[in-house]
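Visitor: Before I ask anything, let me first share the structure, which is written out below as structure tokens.
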Amino acid sequence: MTIDPIVKTVRVPLRPVDAFALFTEKIGAWWPVESHSVSAGQGAPSRSLSLEGKMGGALIEIGHDGTQHNWGTVEEWEPGHVFATTWHPGKMADRQTRVRVTLEADGDGTLGTLTHWGWDARGNDAAAMRTGYDGGWNGVLERFVGAI
């Protein structure tokens, strides 16, 4: 059974290159680590979240106790245009999904589209995981827009 991807769009009053920098280089400044992190699932906000901005780079959370959690590996890196990563925060990498963010100029701002797919890799948890992320991405993207 194939589960449909999640697709979310947001419009921000930034140039694509600036929206890209905010989403990637400054992810630790706006990501809701108090609710959307491995550490939060253990009862405390993480210390940090950072992205190594390059092909093959890692998205890393440092938990409240100093434990390092690899959330994924960068698969596409086109500053100002596309960022894609494997996605497995707190999960085994062999059950990863994928997240891709595209940015395109839209008048005096940028239209961002986030697509999250590959749910079948989650096995029996796939439908429940997709449902949780569908709502969760709304809050994450609200924080991204609110960081402007």
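Visitor: Provide a single number: the residues in segment 115-148 that are closer than 10 Å to residue 6 by Cβ, among the hydrophobic types (A, V, I, L, M, F, W, C) and open to solvent by 40 Å² or more (accessible area, probe 1.4 Å).
Guide: The total comes to 1.
Visitor: While we're here: What is the one condition in (1) open to solvent by 30 Å² or more (accessible area, probe 1.4 Å); (2) in contact with a Gly (Cβ under 9 Å, 6 or more places away or on another chain); (3) without any contact (Cβ under 8 Å) to a residue 40 or more places away in the chain that residue 107 does not satisfy?
Guide: If we test residue 107 against (1) open to solvent by 30 Å² or more (accessible area, probe 1.4 Å); (2) in contact with a Gly (Cβ under 9 Å, 6 or more places away or on another chain); (3) without any contact (Cβ under 8 Å) to a residue 40 or more places away in the chain, just (2) comes out false.
Visitor: Another question about this same structure. Show the residue pairs that are 6+ apart or on different chains and have beta-carbon atoms under 8 Å apart, the first residue being within segment 36-47 and within 12 Å of residue 68 (Cα to Cα) and of a type in the set (D, E, K, R), the second being open to solvent by 30 Å² or more (accessible area, probe 1.4 Å) and not in a loop (DSSP other than H, G, I, E, B).
Guide: 47/62
Visitor: Looking at segment 87-98, is at least one residue among the polar types (S, T, N, Q) and under 15 Å from the mean Cα position of the chain (by Cα)?
Guide: yes
Visitor: Quick one: count up the residues across segment 80-132 that are among the hydrophobic types (A, V, I, L, M, F, W, C) and under 19 Å from residue 142 (Cα atoms).
Guide: Total meeting the criteria: 6.
Visitor: Confirm whether residue 94 is open to solvent by 20 Å² or more (accessible area, probe 1.4 Å), at pLDDT below 95 and more than 21 Å from residue 134 (Cα to Cα).
Guide: Criteria met by residue 94.
Visitor: Kindly list, by first and then second residue, each pair from a residue in segment 122-138 that is in contact (Cβ under 8 Å) with a residue 24 or more places away in the chain and under 12 Å from residue 87 (Cβ atoms) to a residue that is open to solvent by 70 Å² or more (accessible area, probe 1.4 Å) and part of a helix (DSSP H, G or I), limited to pairs with Cβ atoms under 6 Å and residues at least 6 apart or on different chains.
Guide: Note: pairs meeting the criteria are 122/95.
Visitor: For segment 92-130, which positions are in a loop (DSSP other than H, G, I, E, B) and in contact with a strand residue (DSSP E or B) (Cβ under 6 Å, 6 or more places away or on another chain)?
Guide: 96, 118
Visitor: List the residue pairs whose Cβ atoms are under 7 Å apart, where the first residue sits in segment 10-27 and is touching a residue at least 24 places away in the same chain (Cβ under 8 Å) and over 19 Å from residue 57 (Cβ atoms), the second is open to solvent by 90 Å² or more (accessible area, probe 1.4 Å) and assigned to a loop (DSSP other than H, G, I, E, B), and the two are 6 or more positions apart or on different chains.
Guide: So the pair list comes out as 13/108; 16/81.
The values are calculated or read from the model by the stated rules, or taken from the named source; none is laboratory data. As the structure is a computational prediction, the values presented were derived from the model and not from experiment. All Cβ positions, glycine included, derive from the backbone under ideal geometry; neighbour counts span all protein chains shown. Surface areas here come from the heavy atoms of the whole protein model, side chains and all, with no ligands, DNA or RNA. Shrake-Rupley method; radii C 1.70, N 1.55, O 1.52, S 1.80 Å.
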